[in-house]
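The structure appears right after this line, and notes come after that.
The values are calculated or read from the model by the stated rules, or taken from the named source; none is laboratory data. Please read these numbers as outputs of a predicted model, since none were measured by experiment. Counting neighbours? That spans all protein chains shown, and the Cβs are built from the backbone with ideal geometry, glycine included. Ligands, DNA and RNA are excluded from the accessible area calculation, which covers all protein heavy atoms including side chains. Shrake-Rupley method; radii C 1.70, N 1.55, O 1.52, S 1.80 Å.
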Amino acid sequence: MIELEGVPELVDPVMIAAFEGWNDAGDSASSAVAHLEREWKGEVFAALDAEDYYDFQVNRPTVFLEGGVRRITWPTTRLSVVRVGGDKPRDLVLVRGIEPSMRWRSFCNEILGFAHELGVEMVVILGALLGDTPHTRPVPVSGVTSDPDLARTMDLEETRYEGPTGIVGILQEACTHAGVPAVSLWAAVPHYVSQPPNPKATLALLNRLEDLIDLRIPLGELAEDARAWQLGVDQLAAEDSEVAEYVQTLEEARDTADLPEASGEAIAREFERYLRRRDGGPGPGHATDGGESTSYLRDTSSGRTRPPKPAREERDEPDEPGEDSGSSSESSED
């Protein structure tokens, strides 16, 4: 039995999850949830027992000094709650951690136990994959679900992926079997500049999440960071003629594939986002100030370059989800 002491009844809660590891190219997905925690001042209310799910030789604990006292932070998954104010307030349950090393079914069941106790209405899982996409173009973000009704009502893709999967795919299927509506948002990260961070991919995930849950998300300095990131990669790519030529090839392929995407629906979606950004009022995505915040703290003891030349051979990191993880949304897994 999960007891959530100190957590009040939530308003239209949505759970948003991301996990470091195989499903987090460029740390793009976990950085998105970290951004939400930072901007909306999320407070941790629970942490999963690290010994149940992690191999400490794979994900090692870290030692740090706090006031002259040595302390240890164990790799784990933590849950926090943020209350988003405005005309239509709602709560977000943020789940951020590391892909577990073992007992994935128990791991998912424990997260679903929290979702049930908190009355979560939908679970959104963020992921990022390596793809043949140029850094100079908008980051492709695919929204997929295993629920045909959800796919139809929310304009999502019904997943058809078959093959190896990570914790994102496992958690989505666990939600589906438990009757909890679940969506996965996947950002495609250029494989030739895969090292973290990738603020452009993080920004793209947050923009897509904003559209999905109809909240205005404060971006802080993320947009400027994304522009600086792209400028830096531009400069590095320009220094190597082979990389520059390869990027141009990707651009031509992407532009050809995206030509049909310049639809009225896509333009309307961008215009709606522009209007939300222009609105200076509190809006549905404006966080309440500190005086109105509620403490959710319960269990914090667990606490927490240059791009390589493109290679045609098999890359070290898997291109999950899909054998061809290019910019097409058809390559996205659950």
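Taking all protein chains as shown and a probe of 1.4 angstrom, I98 keeps an accessible surface of around 20 Å². A simple charge model with +1 on the Cβ of Lys and Arg, -1 on the Cβ of Asp and Glu and nothing else charged puts the dipole of region 1-152 at about 440 debye relative to its Cα centre.
What separates the Cα centres of region 134-167 and region 184-236 is a distance of 17 Å. Expressed in units of 2.2 N^0.38 Å, where N is the residue count, the Cα radius of gyration of region 122-270 is 1.13. Heavy-atom surface analysis with a 1.4 Å probe gives region 60-204 a carbon and sulfur content of 52 percent of its accessible area. Coupling constants for region 171-179 follow from the phi torsions by the Karplus curve (6.51 cos²θ - 1.76 cosθ + 1.60, θ = phi - 60°), and in residue order they are 5, 5, 5, 4, 4, 4, 5, 8, x Hz; glycine and proline get x. The listed residues D87, D55, D155 rank as D87, D155, D55 when sorted by accessible area, largest first, using a 1.4 Å probe.
Using all pairs of distinct alpha-carbon atoms, the Kirkwood hydrodynamic radius of region 129-208 works out to 13.7 angstrom. Summarising the overall dimensions of region 85-171 from its C-alpha atoms, the Rg and Dmax are 15.7, 44 angstrom.
Calculated accessible area for region 122-262 comes out at 42 Å² per residue, all protein chains present (probe 1.4 Å; ligands, DNA, RNA ignored).
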